[in-house]
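First up is the structure itself, then whatever we jot down about it.
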Amino acid sequence: MTTTATSERTWPAQPAGRIALLDVDPDLAARGGSDGSSNGRLPVPVYRLPVGHMPAPPRRPGHDAIGFLVLKGVLLYEVSVCGRATAELLGPGDLVRPWTRDDASLLPSSTTWTVLAQALLADLDPLEAVRLPNAVEILESLVARCGDRAEAVAIQRSVAAHVRVDVRVLAYLWHLADRFGIVMPGAVRLDLPLTHAVLARLVGARRPTVTTALQRLMHLGYLRRENRAFVLVGDATAVAELERRSPARDFVLPDGTGADSLPSRDGAEPTRS
């Protein structure tokens with residue numbers, strides 16, 4: 001597997017500072033506890049990454065790194081095989097290892113990491129030098145998060161298996177809402193930097209088709225837009241309701257225009273897929 005670089009951006013030479021990990025991550029603090037000392041709060045360096053291509057961090061010779069814990073921001077992890085890419089969205093609490101894999105794969109693939117919202121990553125490698133009586137509990141927390149991430153990817157694959165793209169889009173937005181959503185009266189607000197192109201890669205579709213699907217969902221009242229945010233109306237049972245409705249692709253919006261005549265958020269004119 002190779003890592004694709006889209007710019008000359010390099011990993012920061014120095015961390016942005018240090019934080020006490022158990023002070024900023026409530027879940028780790030709840031499971032791991034503390035011995036009350038500054039060392040017991042697990043001080044680790046943190047790196048701040050701007051929006052755009054995320055460069056690979058330097059590898060330490062002869063060392064298998066634990067990885068980085070996302071404290072803030074949104075990352076897009078993409079894997080491409082035979083020219084077709086699929087993507088995964090990562091956020092606070094996720095453990096990531098953004099290095100090129102050393103083992104060769106029979107099936108050639110490439111990976112790309114992109115920062116969608118300014119990210120703050122905690123370097124967990126210094127934890128090896130910290131000897132704590134609750135180290136096992138902290139490790140269990142990190143392993144549990146890896147398991148949660150694998151389960152989330154399995155759900156995303158199930159969503160992408162649906163034939164209709166409008167069902168895929170609505171189901172995936174509700175999947176994201178479970179983690180990133182803000183509950184409102186009768187709705188859930190999902191404020192993430194998702195362009196039509198990014199959402200298309202997340203659900204395994206083409207951008208113009210996703211644009212049309214979003215317009216259909218708004219026309220039918222399943223969601224609305226507030227600036228960049230998606231507001232999902234009702235609850236997640238709307239996905240099953242949508243699947244029972246007619247899958248007709250053509251529909252007329254309230255102003256009398258067809259869905260295919262409206263531009264996407266990416267600024268490009270959509271085309272019929």
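Worth pointing out:
- Fewest-first ranking of 178, 25, using other Cβ atoms within 10 Å as the exposure measure: 178, 25
- Computed from the C-beta positions of residue 139 and residue 246, the FRET efficiency with R₀ = 35 Å rounds to 0.10.
- Between residue 148 and residue 107, the modelled label-to-label distance comes to 2.8 nm, taking each label 7 Å out from Cα in the direction of the beta carbon.
- Residue exposure sequence - 139, 71, 173 - by fewest surrounding Cβ within 10 Å: 139, 71, 173
- Listed from fewest to most Cβ neighbours within 10 Å, the set 138, 19 follows the order 19, 138.
- Simple spin-label estimate for residue 48 and residue 158 gives 4.0 nm between the two label positions (7 Å along the Cα-to-Cβ direction from each Cα).
A short reminder: the numbers here are calculations on the coordinates, not readings from a lab. Keep in mind it's a predicted model, so treat the numbers as computed, not measured. Counting neighbours? That spans all protein chains shown, and the Cβs are built from the backbone with ideal geometry, glycine included.
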